[in-house]
Structures are given as C-alpha cells and as structure tokens.
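Asks: Take a look at this one; I'll ask things after.
The values are calculated or read from the model by the stated rules, or taken from the named source; none is laboratory data. Model, not experiment: these values are computed from the prediction. Note: ideal-geometry Cβ built from the backbone for every residue, glycine included; neighbour counts use all protein chains shown. Surface accessibility is based on the protein's heavy atoms, side chains included, excluding ligands, DNA and RNA. Shrake-Rupley method; radii C 1.70, N 1.55, O 1.52, S 1.80 Å.
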Amino acid sequence: MNKLLEDKNTYKLIRADSTHTLQKKNNALVDELYKSKIINYREKQQLTSTAATAPRLYGLPKIHKPDLPLRPICSSVNVPCYGMSKYIGKILSNLISEKHNIKNAYEFKERLNNVQINDEDMLVSFDVVSLFTNIPIPLAIKIITAKWYKIQQNTSICKNKFLNLLNFCLKDNNYFMCDKNLYVQTYGMPMENPFSPTIADIIMDDLLDKTILELKENFDIDIKFLVKYVDDIFAIVRRNDVDIILNTLNKYHLKLQFTVEKENNLRIPFLDIMVYKKNSELILDWYSKPTSSGRFIN
C-alpha cells in the first residue's frame, strides 16, 4: 500500500483532517435544499451527515495476476458526503446510455442473439487500465454541464446550485486515511465511492460515442457489435480494424488508456461467459477464472 501511495501524480500527503468541516458544509447544503423545498424532511434526514469519519483506504489482492498486486479500495460508508453523493448520482443516472451498457451476463446473451459473423470478424475485448483512479474529473464536469438539458428533467435544483453540489462531492471529499496518515487524491476517483461508477459510465459513454463517430468519419469503420460493462468492452470487429480501433480509443484522453485481448482458438471470455465462434454463429458457455475456487460464502 505504501508503494501505491508513493505515486505523487495521484496522491498527496496532507496534515489536517477536514472531516468535521466537510460535515458542516454538507449539512448546510442539505438545509439549503430543504428550505428551498427541493427535498422533504425524510430526505433531509437521509442526506444529513452525523458522526462522519474520514474514508479508509485498504488493498484487495488481485489473485488472478502475477505478484498479487493490490487494488486500492476506499471505504466511504461514513464520509460526510455519502448520502449527498448517492442523491446526486441518482439524478445523473439518466445520462447513462442504454445503447452500449449491459447490466449482467443474461443481458449480454440477449443482445448477442441472432448476431451473425463471418471469417473476417474477430472477437475482442478492450479494458481501461485503472479506470477509477484515472477518471478526469474536469472532463466529467464538462460533459455533465453540456448535458444539463437532460438533467433538469429529473430535478428542480437550479444549474449553479447543482454544479456546486457536484463539485462538493467530486472534489472536496476526495481524501482518505491509510495507516494513520491522511492523503488527498489529486487525480481520478477512489473505488467504493458511491459516485464513482456513475461518473465512470458517463465518461465511458462519451468516449464510445466520440470514438465510434471518429472511426466512421475518418476510417469508414463500422463496429458490428459492441457492449460495455463498467470498464470492459466486448466487440465484434473486422480483423484488420483492431489496431485502428485501439489507437482511436487511446486518443480520447491521455489518462484513459486501453489494452486489448483478442480471441484465442476462436473464443474469448467476457464477464462470466466464454464466447465461442462456430461457423457463422456464436456459442456461449459459463466461464470462471483459473483462480476460482468454486467456494461460496454462506
């Protein structure tokens, strides 16, 4: 964990614990919403922060990777803006497109029904390297601001006040404690923040829309099939287009870089499914990583 925290581009050591100040600010914002009759008394109680604590950082070992690297997880349950982040995230959820996103393996299967393939087609998956810690927050705010016309259909909060709440959740609360030391995350968002998945989806949707448009306009490339689950993309593309697609994805933002996995022996895993090519059809089967023990917690 100490090695991870040595990354000066992402983490910065701080002296003062701002939890108490942030709790007061959160509750003042909640009172403002209540007095403006935007939220009711029950919602006011849910959003009000009491006995807040600084987020705690810990590491989960990635047991499927060599040398067991740690995935940094930031426990945010009692942070000052926990309720507010969930509230704002719910309002923003209508920005997430159903066009590319899937919820689970069953929806993935449904979308693949009746997809026909040929010899030129290749199964690939694209994966963002450390998506959450590389989320460009200024870009996220820019995309959200540009789509205010959609957001205002879901809330009676005025634009300036909403952006103020958004900045409070995204920027002011981006800190944590680890081994009795306090840090601020200067770039990206921590995993386990209730806001992180929503912001990640908004960024990824914008990335895919712009990439697909650029591929069509500049290279006359049409992607036959594409779906996304958080930071994992499954696609069926022409064999010769894979490198061009990867380069175009990586051009979107310097911090958001992709790796690609190509089909091996006419098959590729995605989520907990193995997708097989058989003549002009796709066959699906369950898939478990080699590290899976088959054991379940009671």
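Asks: What do you reckon, is residue 120 open to solvent by 20 Å² or more (accessible area, probe 1.4 Å) and modelled with pLDDT of 95 or more?
Replies: no
Asks: Is it true that some residue in the range 172-185 is touching a Leu at 6+ places or on another chain (Cβ under 7 Å) and hydroxyl-bearing (Ser, Thr, Tyr)?
Replies: Checked against the condition, which is being touching a Leu at 6+ places or on another chain (Cβ under 7 Å) and hydroxyl-bearing (Ser, Thr, Tyr), the range 172-185 yields at least one hit.
Asks: Show the residue pairs meeting these rules: Cβ distance below 6 Å; 6+ apart or different chains; first residue within the range 176-193 and more than 18 Å from residue 17 (Cβ to Cβ) and in contact (Cβ under 8 Å) with a residue 40 or more places away in the chain; second residue part of a strand (DSSP E or B) and among the hydrophobic types (A, V, I, L, M, F, W, C).
Replies: That search, which allows pairs on different chains as well, returns 191/73; 192/73; 192/74.
Asks: Now for a different question. Which condition breaks for residue 130 when tested against (1) surrounded by fewer than 20 Cβ atoms within 10 Å (Cβ to Cβ); (2) hydroxyl-bearing (Ser, Thr, Tyr); (3) at pLDDT below 90; (4) on the phi < 0 side of the Ramachandran plot?
Replies: Among (1) surrounded by fewer than 20 Cβ atoms within 10 Å (Cβ to Cβ); (2) hydroxyl-bearing (Ser, Thr, Tyr); (3) at pLDDT below 90; (4) on the phi < 0 side of the Ramachandran plot, the lone unmet condition for residue 130 is (4).
Asks: Given the residues 222, 209, which is the only one that is in a loop (DSSP other than H, G, I, E, B), surrounded by fewer than 15 Cβ atoms within 10 Å (Cβ to Cβ) and more than 12 Å from the chain's Cα centre (by Cα)?
Replies: From the options 222, 209, the qualifying one is 222.
Asks: State the number of residues belonging to the range 1-51 that are outside any helix (DSSP H, G or I), farther than 30 Å from residue 158 by Cβ, open to solvent by 40 Å² or more (accessible area, probe 1.4 Å) and polar (S, T, N, Q).
Replies: Number satisfying all stated conditions: 1.
Asks: For the structure I just gave you, tell me whether residue 262 is of a type in the set (D, E, K, R), touching a Pro at 6+ places or on another chain (Cβ under 9 Å), surrounded by fewer than 19 Cβ atoms within 10 Å (Cβ to Cβ) and within 15 Å of residue 125 (Cβ to Cβ).
Replies: It is false that residue 262 is of a type in the set (D, E, K, R), touching a Pro at 6+ places or on another chain (Cβ under 9 Å), surrounded by fewer than 19 Cβ atoms within 10 Å (Cβ to Cβ) and within 15 Å of residue 125 (Cβ to Cβ).
Asks: Let me ask you something else. Just give me the residues in the range 70-116 being in a loop (DSSP other than H, G, I, E, B) and of a type in the set (Lys, Arg), in sequence order.
Replies: Hits for the range 70-116 are 99, 103.
Asks: For the range 101-157, which positions are free of Cβ contacts under 8 Å to residues at least 40 places away in the same chain and hydrophobic (A, V, I, L, M, F, W, C)?
Replies: Passing the criteria: 141, 146, 148.
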